Amino acid sequence: MSISADLDRVLAALPSRYIGPGGAVAVLRDGEVLERHCWGWADAERRIPFTPLTMSLICSISKQFTCGLMLDQFPDPTVLNDDLRRRLPALDEGVPTILDLAHNQSGLRDYWAVAMLYGAPVEGTFGLKEADRIISRTRSLHFAPGTRYSYCNQNFRLISDLIEQRTGEAFGDLLRQRIFDHAGMPYARLNADTSAVPGGTVGYEGTLATGFRAAVNNIHWTGDAGIAACLEDMIAWEQFIDATRDDPEALYSRIAAPVTFRDGAPAAYGFGLARSQFFGHAATCHEGGLRGFRSFRVYVPEARISVVTLFNHMADPRGPAVDVLAALLDAPGGVEHAAAGAVAPSLAGHYLEPESGIAVRIETAPDHRLRLQFGHGSDLLSPTADGDYLSATVRLHHDDAGVWMTRPHENLSSLLTPWEGESAPDIEGVFRSAELGAEITCVSAGGALYGAFSGMLGQGAMQPLQPYGPDTWLLPCPRALDYSAPGDWTLRFSRDETGRVDGVTAGCWLARGIGYSRV
């Protein structure tokens, strides 16, 4: 079968593989559009079709435009370092640099996750005032700047704020003048209030099984997300990237240049772009998500191929790009897997990652694989010939010392601490964080333990606590202000010399190591 026939087959299957109200995919090669494919509805109730001109929220893809504008306005962005220090007046330890922010190496805890610790309602309003209150109260980091990678949205909000402060011009106006107009993106705009989308596009939650319903967003995004664009705009961006690919001083060349951690180790993320591999080909890409909207774009420079996905529902937007690249690169279709090897001893069990104190769950999966839960989502790892387990981003290795988890993109290699045993139920009480001025309440209701967060943003809903190991419980957070929720919070309780619980440390991958003392 020809590559053209393969591509046609892949595109025709997308609406049934990634089911939802509507979507759009563009495929480019050598700067030319091979296919525009749109289907379904921008508003299913009003029966407005999803077309190449349908406006959609591109979500975190916005981050690369923020960093591009920063480099356009400040060729040496370190001139913003002093301004950044002034934006974090309460920080008691080493302040990150502006480049730490751009590379997600700042050590700041993600403010959408921290907002949940302040009791934010899932569909509540979160605007400039709320963002400033959380950012200005920052007193500590969850790792030293430049040493680790952790996704942190306010890194990019801070960059956009500092651009406005230094230039005296509105961030949206600068995006239009310096980025969108230059790239030929006539419809793209800053749409910071995500409660509505230009043209009336509706984002949907749910599935075919549960039914689709209009998603509710009341978040003000700028810098970290907030750009609305249509498929034609995104096609123009990919053409701009390809046309300037050989110029090292071009905007995209600068944001796609290699970056490192402080110790010189290569970083897989920088300037709002992920550096990745697809079927053995280097690529730059980014995914985006907001409740009701998912997006993905990728550029493979060696093959000069771009793929863009826009969904107004919650299906995986990376999947269509993988399917398309498999067809164009003549590679095996579907999700990439590590080569299977000999079956290694099962490492399934409960662990803690010692640096962060976060739960690490390893479970068996079909085909002798393992499922690992540590970060945002789960990783599916396949056995290798040397007895390790491997995915695209994680390696598990077992030796006499125990189980090692290596995550190169985070610059992290840890000997996991086994954490099996009973979770004692005597944890009831109210615990307060001096840093946040917020509380965790743990209570028994009819013999079942529940926990909830509360603070300046409200009173969070009670959630059933799940036992994990000695003095350790998990507080589930499957939905949050941001679509990408914290997941399970690890609650590690401490005891005084009499054995009474006197404190708890809460953490998730996005926000680690927040201490609370019993009230």
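The values are calculated or read from the model by the stated rules, or taken from the named source; none is laboratory data. Small disclaimer: the values here were computed from a predicted structure and weren't measured. Counting neighbours? That spans all protein chains shown, and the Cβs are built from the backbone with ideal geometry, glycine included. SASA here: full protein model, heavy atoms, side chains in, ligands and nucleic acids out. Shrake-Rupley method; radii C 1.70, N 1.55, O 1.52, S 1.80 Å.
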(request) With a/c under 1.5 counting as rounded, go ahead and sort the range 151-196 into rounded, prolate or oblate using the C-alpha gyration tensor (a ≥ b ≥ c being the square roots of the eigenvalues; past the cut-off, prolate if a/b is larger than b/c, else oblate). (result) oblate
(message) From the gyration tensor of the Cα coordinates in the chain, what semi-axes in whole Å does the equivalent ellipsoid have, largest first, with each one equal to sqrt(5λ)?
(response) 36, 28, 24
(message) On alpha carbon coordinates alone, what is the Rg over Rh value for the range 154-278, Rh being the Kirkwood radius?
(response) 1.02
(request) List the residues of the range 233-269 whose backbone N lies under 16 Å from a point placed 7 Å from the Cα of Glu355 along the Cα-to-Cβ direction. (result) 260-269
(message) With only alpha-carbon pairs counted, each pair once and no self-pairs, how large is the Kirkwood hydrodynamic radius of the range 204-347 in angstroms?
(response) 17.5
(request) Taking the dipole about the Cα centre of the chain, with the C-beta of Lys and Arg at +1 and of Asp and Glu at -1, give me whichever of Leu128, Gly507, Ile159 is farthest to the positive side. (result) Leu128
(message) Just to confirm the filter: which GluC sites (Glu not before Pro) across the range 391-445 are DSSP coil and have at most 12 other Cβ within 10 angstrom of their Cβ?
(response) Glu420, Glu422
(request) Report the local net charge at Ala282: Lys and Arg +1, Asp and Glu -1, summed over other residues whose C-beta lies under 12 Å from its C-beta. (result) 0
(request) With a bin width of 5 angstrom, please list the P(r) values of the range 382-461 as percents of all Cα-Cα pairs, from the 0 bin to the one holding the largest distance. (result) 3, 11, 14, 11, 9, 8, 15, 16, 9, 3, 0
(message) Quick check for you: with a 1.4 Å probe and neighbouring chains kept, what is the accessible area per residue of the chain, in Å²?
(response) 39
(request) Would you work out which of Ser391, Gly469, Ser444 lies farthest towards the positive end of the dipole of the range 388-471? Charges go on Cβ: Lys and Arg +1, Asp and Glu -1. (result) Ser391
(request) Work out which trypsin sites (Lys or Arg not before Pro) in the chain are exposed loop sites (DSSP not H, G, I, E or B, at most 16 other Cβ within 10 Å) and give the longest gap free of them. (result) 305-478
(message) Percent of Cα-Cα pairs more than 22 Å apart in the range 94-237, please.
(response) 50
(request) Calculate the spin-label point distance for His409 paired with Asp173, positioning each point 7 Å from the Cα along the beta-carbon direction, and give it in nanometres. (result) 3.8
(request) State the percentage of accessible surface on the range 121-263 attributable to carbon and sulfur atoms; use a 1.4 Å probe and exclude ligands, DNA and RNA. (result) 49
(message) With the crude spin-label approximation of a point 7 Å out along Cα→Cβ, what separation in nm comes out for Ala196 versus Asp426?
(response) 5.7
(request) Apply the Kirkwood formula to the range 105-151: the hydrodynamic radius equals the inverse of the mean of 1/r over all pairs of different alpha-carbon atoms; give it in Å with one decimal. (result) 11.6
(request) Among Leu251, Ala359, Val519, flag the residue with its Cα farthest along the positive direction of the charge dipole of the chain, charges on Cβ as +1 for Lys/Arg and -1 for Asp/Glu. (result) Val519
(request) Take the alpha carbon atoms of the range 76-103, find their center, do the same for the range 455-519, and report the distance between the two centers in whole angstrom. (result) 29
(message) Give me the dipole magnitude in Debye, nearest 20, for the range 360-519 about the Cα centre, with unit charges on the beta carbon: positive for Lys and Arg, negative for Asp and Glu.
(response) 420
(request) Taking all pairs of distinct Cα atoms, average 1/r, flip it, and tell me the Kirkwood hydrodynamic radius of the range 27-117 in Å to one decimal place. (result) 17.3
(request) Treat each spin label as a single point 7 Å out from the Cα along the C-beta direction, and report the Ser346 to Val519 distance in nm. (result) 4.4
(message) If you consider only alpha-carbon coordinates, what radius of gyration and Dmax does the range 422-497 have, in Å?
(response) 12.6, 42
(request) Diagonalise the Cα gyration tensor of the range 239-278 and give the resulting equivalent ellipsoid semi-axes, square root of 5 times each eigenvalue, largest first, whole Å. (result) 21, 11, 8
(request) Could you tell me which GluC sites (Glu not before Pro) in the range 215-308 are loop residues by DSSP with no more than 16 other beta carbons within 10 angstrom of their beta carbon? (result) Glu249, Glu302
(request) About the Cα centre of the chain, how large is the charge dipole given +1 on each Lys and Arg Cβ and -1 on each Asp and Glu Cβ? Please answer in debye to the nearest 20. (result) 860
(request) Divide by every residue of the chain the summed helix terms, -39500 (n - 2.57) for each DSSP H run of at least 4, and state the resulting mean residue ellipticity at 222 nm, rounded to the nearest 500 deg cm²/dmol. (result) -5500 deg cm²/dmol
(request) About the Cα centre of the range 25-88, how large is the charge dipole given +1 on each Lys and Arg Cβ and -1 on each Asp and Glu Cβ? Please answer in debye to the nearest 20. (result) 280
